[in-house]
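Down below is the structure, laid out as structure tokens.
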Amino acid sequence: MAEKNDLNADKKARAAAAAANKKKQRLLIALIAGLLLISGGGSWAFLHFTGKGKNAGAPAAGAAPGQNSAAGPAQAEYLQLDPNFLANFSVNGRQRYLQVSLAVKTRDPAAITAMQTHMPLIRNRLVMLLSGEVFEQLQTDEGRVALQRKLLDAIREILQKETGKADIEQVLFTSFVMT
């Protein structure tokens, strides 16, 4: 009879241990799920409130183009002007060439659309401007910076005339080859 009591007590002890293990497993699963929810929520909050989320580049309703709802400027956008520009020069009776690849930086998506709409006019003006340059001056840093400024002014002038706005920040040389 004592053995039956020992067996019953042993079964009860195993059942209690199994129940305790199930409680520990459930607690562990609940703890992991809670940590995942907290980390996911924290990540969402970080991305949402620091402006790195889905709508980071979009200005708030009522904000002026180029302004974000937070205090900083909108995200920069670039338009690559393809194909490359090619200009030829006659230097001391010898044929020389300039090939440049250009990109334009703006913070106003409407400026990108306007440039795409008026691209033939812009490309024509830039080709004429490039072919009118002095080859020797383009070999200096000052000459290249001056050319960048002239290209920027030409694009702004065209956009101002055609759309009434010229929200272009910078013209970038992505390639500059002289031969």
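The table below lists the values:
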read-out	value
Highest to lowest packing among 164-174, 100-110, scored as the average C-beta count within 10 Å	100-110, 164-174
Gain upon complete extension [Arg96, Lys150; 0.36 nm per residue less C-alpha separation]	17.3 nm
Per-residue ³J(HN,Hα) for region 126-142, Karplus 6.51 cos²θ - 1.76 cosθ + 1.60, θ = phi - 60°, Hz, x for Gly and Pro	5, 4, 4, 5, 5, 6, x, 7, 9, 4, 5, 5, 6, 7, 9, 4, 4
Environment charge at Leu151 (Cβ cut-off 14 Å; Lys +1, Arg +1, Asp -1, Glu -1)	+3
Amide H within-cut-off set for Gln170, under 5 Å, with H built and near neighbours excluded	Lys105
Extent along principal axes [Cα atoms of region 77-178; Å; largest to smallest]	44, 23, 20
FRET E, pair Ala76, Leu28, Förster distance 45 Å, beta-carbon r, rounded to 0.05	0.45
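Read the figures in this text as sums done on the coordinates, not as results from a lab. Quick caveat: nothing in here was measured; it's all calculated off a predicted structure. Because the Cβ atoms are built from the backbone with ideal geometry, glycine has one as well, and the counts that use them run over all protein chains shown.
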